[in-house]
Amino acid sequence: MNRLEFLGLHNFNDSPRANLRLLIAKINVLILDIDAPRDYRQRSNMSDKIEYRIEQLDPLRHHRERFSCESRELTDFLQNRARKEMASRSSACFVLVPLHDPARIAGFYTLSAAEITTADLPEAIKKRMPRYQTLPATLLGRLARDEAFRGMRIGDRLMEDALARAFAGSAEVGSTAMVTDPKDERAAAFYRDFGFLPLAGNRLFLPMTEIIRLLKQGGSGRFPS
């Protein structure tokens, strides 16, 4: 069963507006089973599987101060800036939390509005687009996993959710692609594994038409089953 079938949206293309609210509701309560590494199970006295949920960041419930990833910049963003950006509506932040410790943040990502310069698109894709100088897009601004949850494929789970949520949103607020600006080659390689293509500078993009295909195919092996 692929992601859209699990969410009950395998006919999403037929009536996107009718299914939009259902998709977002189900994304918000999606329960994820992830294999936990042995050292984490021993520290946490847990079983082989850990159940997670992805939900919008709530500064009153989620312990941002406990989050720590390899990037000091991303750690600082979640601890000190994410709440302010959400309050100003400049970005939306979503967190993945273990059900046994729902205040703990295992990973997070942010989405916001962006635009693409049409001239920067590959010719084959540009031909299919309206003849505007710029086109609307969805920016995957940040994505990070807490170091304590290393080896649990948290990044793949976050990416799957971000793609599904961006696609859902494009039914009501137009968006032709997801774009991201990887901070280094390691991050760029992660995004390229999901099919992201070069755009301009270090920016990468993934057309919405490819996102729906990727979700239906289960991420070509990248999304945990």
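Set the Förster radius R0 to 45 Å, insert the Cβ-Cβ distance between Ala103 and Asp184 as r into 1/(1 + (r/R0)^6), and round the FRET efficiency to 0.05. If you can, show how the numbers build up before the last one.
On the way: r = 30 Å, r/R0 = 0.67.
In this case the efficiency is close to 0.90.
Could you tell me the calculated FRET efficiency between Arg81 and Thr117, based on Cβ-Cβ distance and R0 = 22 angstrom, to the nearest 0.05? Please report the intermediate quantities before stating the final value.
Numbers: r = 27 Å, r/R0 = 1.22.
That gives a FRET efficiency of 0.25.
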Test of understanding: what is the full-extension gain from Arg72 to Arg150, defined as 0.36 nm times their sequence separation minus their Cα-Cα distance?
26.5 nm
Could you work out how far apart the two model spin labels at Glu172 and Arg192 are, taking each label as a point 7 Å from the Cα in the direction of the beta carbon, and quote it in nm?
3.7
Mind giving me the nanometre distance, one decimal, between the label points for Lys127 and His63, set 7 Å out from Cα along Cα→Cβ?
5.6
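A short reminder: the numbers here are calculations on the coordinates, not readings from a lab. All values derive from a computational prediction rather than experimental measurement. Note that each Cβ is placed from the backbone with ideal geometry, even for glycine, and that neighbours are counted across all protein chains shown.
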